[in-house]
Structures are given as C-alpha cells and as structure tokens.
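Shown next, in structure tokens, is the structure this report addresses.
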Amino acid sequence: MRRVSIVQGENAIVAEPEVLISTLLGSCVAACLYDPVAKLGGMNHFLLGEPGADHRVGMNEMSRYGLHAMELLINGMMARGAMRSRLRAHLYGGGNIVSGLGSIGSSNAAFARRFMADEGIEVAHSDLGGTSARKVEFLAYDGRSRCSRVADRVPELPPIPVSLPSSVGELELF
C-alpha cells in the first residue's frame, strides 16, 4: 500500500486502489470527500475556517483557510470526474488542544459542518471537537477512513540548568 501524507494547506486526490492519504490534526480540520460512482476521493487539511472580515489574505496564505481549501479539493475532484451532487464527506479534527489558543478547534469544526450543509454535501461520518490530536487515514478509492486519537500528551520537560561563566570575559556571543 502506498501512503500519501499531507500537512496544513495541502490536499491530495486519489483514484487508485491501495493508496492511503494520511494526516495529523490538532485544532486543524481534515475533510475527506468521496464520489462512490467515480471511485475517486480526496483529503484536505486546513488551519482555519475562514479569515475575519477585516483580514486581508495573500494568495500564498489562502490554502490555510477551509473556505479556499474546500473549493480546491472539490474543483480538483470534479476535474477528475467526480460530481458535486454525489460527494460524501468524513470530517475530522477541530480539537481544542492548547488552552491558550481559545476555541480555534471548535470554530474550525463549526465551519466544516456549516460548509457541508451550505453545499448540500452529506456528512457520512465525523469525529470533531474534544481535546485530543488525531491521526487520520483515508482510502479514497473505497471511501473508507480511520481515525486514531493521540492519547499521550507531550510531556513537560524539566527546565534545563544553565551555568553562567564565572567572568564576563568567558561569555561568547554568536
């Protein structure tokens, strides 16, 4: 089996059996779309749902946003034979992983649900929200996905002791 890994701002579209698309998510969301007739599927990975009304987004930043990432994925699939009316979705991610970042994950999950509803795309499965990171794998040709929650938190490291030189003359700056 061949594996195609994607990261934030990327997508992959596959029409071959035995090809697995995968990604790791925290507060980001991955949408796995599938056309059961065309035997074609794809996954994207977006950082934020949509920019704020007062936020200007450059071309190189657009794929970080779900609004643009979804259109790229849908249009890419349609160019390869999928029909928008047959698309089915699996949605993953949107976790509130880091408490200091507020509810970014919840906002991303809400965006993904709203986008699918607005576009009339059936959500066949979703695993959104919570506080866990996720590993997502998608067999696009068959429209099957698997999600594993990452249970282990990143361990806190003890502070590294710093020893200072006994005199300023020994201190070197780079």
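Below is a table of values for the structure above.
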{"read-out": "The range 2-150, accessible surface, carbon-and-sulfur percent (1.4 angstrom probe)", "value": "52"}
{"read-out": "The range 85-148: relative contact order as a whole-number percent, Cα under 8 Å and 6+ apart", "value": "40"}
{"read-out": "Beta bridge orientation in the range 2-150: antiparallel %, DSSP, nearest 5", "value": "75"}
{"read-out": "Accessible area expressed per residue, the range 2-150, with surrounding protein chains retained (probe 1.4 Å, Å²)", "value": "48"}
{"read-out": "Dipole magnitude of the range 2-150, debye to nearest 20 (Cβ charges: Lys/Arg +1, Asp/Glu -1, about Cα centre)", "value": "320"}
{"read-out": "Residue 68 accessible area, assembled protein chains, probe 1.4 Å, Å²", "value": "60"}
{"read-out": "28 Å tail of the calculated P(r), the range 2-150, as % of Cα pairs", "value": "12"}
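The values are calculated or read from the model by the stated rules, or taken from the named source; none is laboratory data. Bear in mind the structure is a predicted one, so any value in this text is a computation, not a measurement. Here Cβ is always computed from backbone atoms with ideal geometry, including for glycine, and neighbour counts include all displayed protein chains. Only protein heavy atoms, including side chains, enter the accessible area calculation; ligands, DNA and RNA are left aside. Shrake-Rupley method; radii C 1.70, N 1.55, O 1.52, S 1.80 Å.
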